[in-house]
Amino acid sequence: MYLAPSMGCCDLFDFKHQVEFIDSKADFLHIDIKDGNYVKTYSIGPDFMKTLKPVVKTPMDAHLMVKHPQWIIEECAKAGAAYITPHTDCIESDAFVTIHKILDLGCKAGIALNPSTSLETIRYYLPLLSKVTIMIVDAGYAGQEVIEQMYEKIQTLVQWRNDMKLDFLIEADGSMNADVYGPLYEAGADVVVLGPPALWNKDKDIEKAWNIMQKEVENALIHVSRK
């Protein structure tokens, strides 16, 4: 299971240290970009990635929780995003144009789906995608309980991937914690996004926090493999 820490959660007073450490451990750097419109909170933007790009080696994924992702796709690509992941309901009218623009800019295309969004909305452009992000809570609201029906959604997506002979990654995002690693892995998720409850809240020392989180993931996967 690949690990994708949400880098906007790094402690600003220990930022350099945390970025360097996470870059040495993570599989992806998850960059949440929020506009205060699509979701009711604001966050970092492309300039954040532009700052990180010269000092990190881990691929950055721009998760665009913005109403009009088309407006900043080029800026994200220039800032160094390896993946660009808008939400499907924000590109309904120009999905193929938007995805082809991401690809033409030299990035890998992802798509994110809120819990209430049907997988059917992405079926026709799945072959163009390198990653599908399944939100296991509603985007933009902290402290939610995981919506367990999303495990079934992931299972369905795994079946589609097999049936269509595709190789995109399946990522789970939202309220990540020790209780959900096992069910997500069992359902077929490849990547988990780590926020404060999953990582930073474990300990003020990022190395200790990472070790606690990693042990929780390993224990969950061992438990599943023994079933």
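Read-outs: derived from the displayed coordinates by stated rules, not from any lab. Because the structure is predicted, anything quoted here is derived from the model rather than measured. All Cβ positions, glycine included, derive from the backbone under ideal geometry; neighbour counts span all protein chains shown.
If residue 119 satisfies every condition in (1) touching a helix residue (DSSP H, G or I) at 6+ places or on another chain (Cβ under 7 Å); (2) buried (at least 17 other Cβ atoms within 10 Å of the Cβ); (3) under 16 Å from residue 170 (Cα atoms) but one, which is the exception?
Failed condition: (2).
Determine which member of the set 175, 118 is under 17 Å from residue 3 (Cβ atoms) and hydroxyl-bearing (Ser, Thr, Tyr).
175
Find all pairs meeting these conditions: Cβ atoms under 6 angstrom apart; at least six residues apart or on different chains; first residue within region 1-17 and closer than 21 Å to residue 180 by Cβ and without any contact (Cβ under 8 Å) to a residue 40 or more places away in the chain; second residue among the small types (Gly, Ala, Ser) and assigned to a strand (DSSP E or B).
none
So residue 168 ticks every box in (1) over 27 Å from residue 21 (Cβ atoms); (2) of a type in the set (Phe, Trp, Tyr); (3) out of contact with any strand residue (DSSP E or B) (no Cβ under 6 Å at 6 or more places or on another chain) but one. Which box is left unticked?
Every condition holds for residue 168 apart from (3).
Just for helices (runs of 4 or more DSSP H) wholly inside region 75-188: which have at least 3 residues that are farther than 28 Å from residue 210 by Cα?
95-104, 149-164
With (1) on the phi < 0 side of the Ramachandran plot; (2) surrounded by fewer than 19 Cβ atoms within 10 Å (Cβ to Cβ) as the list, and residue 154 as the residue in question, which single condition is left unmet?
Unmet for residue 154, out of (1) on the phi < 0 side of the Ramachandran plot; (2) surrounded by fewer than 19 Cβ atoms within 10 Å (Cβ to Cβ): (2).
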